[in-house]
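J.: Mind looking over this structure? Questions follow.
The values are calculated or read from the model by the stated rules, or taken from the named source; none is laboratory data. Note that the coordinates shown come from a computational prediction; the quantities given were computed from them, not determined experimentally. A quick note on method: Cβ atoms are made from the backbone with ideal geometry, for glycine too, and the neighbour counts reach across all protein chains shown. Note: areas computed on protein heavy atoms with side chains; ligands, DNA, RNA excluded. Shrake-Rupley method; radii C 1.70, N 1.55, O 1.52, S 1.80 Å.
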Amino acid sequence: MTTTLLVDLQTRDYKETWELQQRIVELRAKALVPDVLLLVEHPHVITMGKSAKPENILSTVFPVYEVERGGDVTYHGYGQLVGYPILDLSSRGKDIRHCLRSLERMLIETLAEFGITAQRIEGRTGVWVGEKKIASIGVAVRKWVTFHGFALNVSTDLSCFAVINPCGYDSAIMTSMTEQLRKRISISEVKGPLVRTFERVFETRLEETGPETLPGL
C-alpha cells in the first residue's frame, strides 16, 4: 500500500494555498515527495475554472481568482472542508476520469457515515443530495500530477453562494451537511471519517505531517 502525506492547513488564505499546491506539484512530478492531500478551510473567495463564464459572478465582494481547474465559477468559505489531492496519476493508470469518480465516491461514502444519502448525477461533476449540490469537484493535471480538488459544504453559510451562479446554476441549488441534518456539524467532526474513506477509496495510508517537512517549502 502506498503512503500519502496528509497536511492539515486549518484555515488558510486561498492564494497562499494555491501557490503551495503549485510547489508540491513540481516536487511530486520529480518524485521528491509522495502523494499529498491538503485539507483546508478558506476565508471567502471566488474561483473561476477554465470554462468559467464571467456573467456567473454576480458580485465581486469577495476576492476572485482565475485558476487551472476544470469547471465554472465556485465559492469557498468558512464552514467548507476543501481538499486538494496532489496525486501522481502515472502510477494510477493515467486515468483522470477515474480520479474524479473516486473523489465523488469518497465524498458519497463519507456523507453516508453521517446518514446523508448522496449520489453522483450523470453529466454533473460533484456530489448531490436529491437535486441539491453538497460538494463541488474540479481538478487540474500537470505532468500527470493532480491538483485542486473538492469542496464539501459542512456548515457553510449558504447565503454566500448568492454572489455567484455556482457552476452555472442558481445559488439555491446548494446545500450543506448542517442543512441536511438540521443540526450544526463542525469541520473537525468530518475530517476523521473523510480521511478514513480517502484511505479506503484511494488504497493508500495517510500520514499526517506539516508543510514545513516537505523539501523546498
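J.: Order of 65-74, 196-205 by packing, highest average Cβ count within 10 Å first?
T.: Final packing ranking: 65-74, 196-205.
J.: Could I have the simple spin-label model distance between L181 and E122, label points 7 Å from Cα toward Cβ, reported in nm to one decimal?
T.: 3.2
J.: Ranked from highest to lowest mean number of other Cβ atoms within 10 Å per residue, what is the order of the peptides 46-57, 157-168?
T.: 157-168, 46-57
J.: For T17, T213, T60, give the ranking by accessible area with the largest first, probe 1.4 Å.
T.: T60, T213, T17
J.: Counting only C-alpha contacts under 8 Å and six or more residues apart, can you give the relative contact order of the chain as a whole percent?
T.: Over the chain, the number comes to 26 percent.
J.: Using 1/(1 + (r/R0)^6) with R0 = 22 angstrom and r between the beta carbons of W144 and E203, what's the FRET efficiency to the nearest 0.05?
T.: Calculated value: 0.75.
J.: In straight Cα distance, which aspartates and glutamates are under 20 Å from K133, not counting same-chain residues fewer than 8 positions off?
T.: E41, D72, E104, E109, E113, E122, D157, D170, E179
J.: Note the full-extension length gain between E189 and E26 as 0.36 nm times their separation in residues minus their Cα-Cα distance, in nm to one decimal.
T.: 55.5 nm
J.: If the cut-off is a Cα-Cα distance under 19 Å, which lysines reach K191, setting aside same-chain residues fewer than 8 apart in sequence?
T.: K183
J.: List, in order, the whole-Hz ³J(HN,Hα) value for each residue of the range 21-34 obtained from phi through the Karplus relation with A = 6.51, B = -1.76, C = 1.60 and θ = phi - 60°; use x for Gly and Pro.
T.: With coefficients 6.51, -1.76 and 1.60, one gets 4, 4, 5, 5, 4, 5, 5, 5, 4, 8, 6, 8, 9, x Hz.
J.: So, one more: Could you do me a favour and compute the accessible area per residue for the chain, 1.4 Å probe, result in Å²?
T.: That works out to 44 Å² for each residue.
J.: In what sequence, highest mean first, do 131-139, 95-103 appear when ranked by Cβ atoms within 10 angstrom?
T.: Taking the mean over residues of other Cβ atoms within 10 Å, the ranking is 131-139, 95-103.
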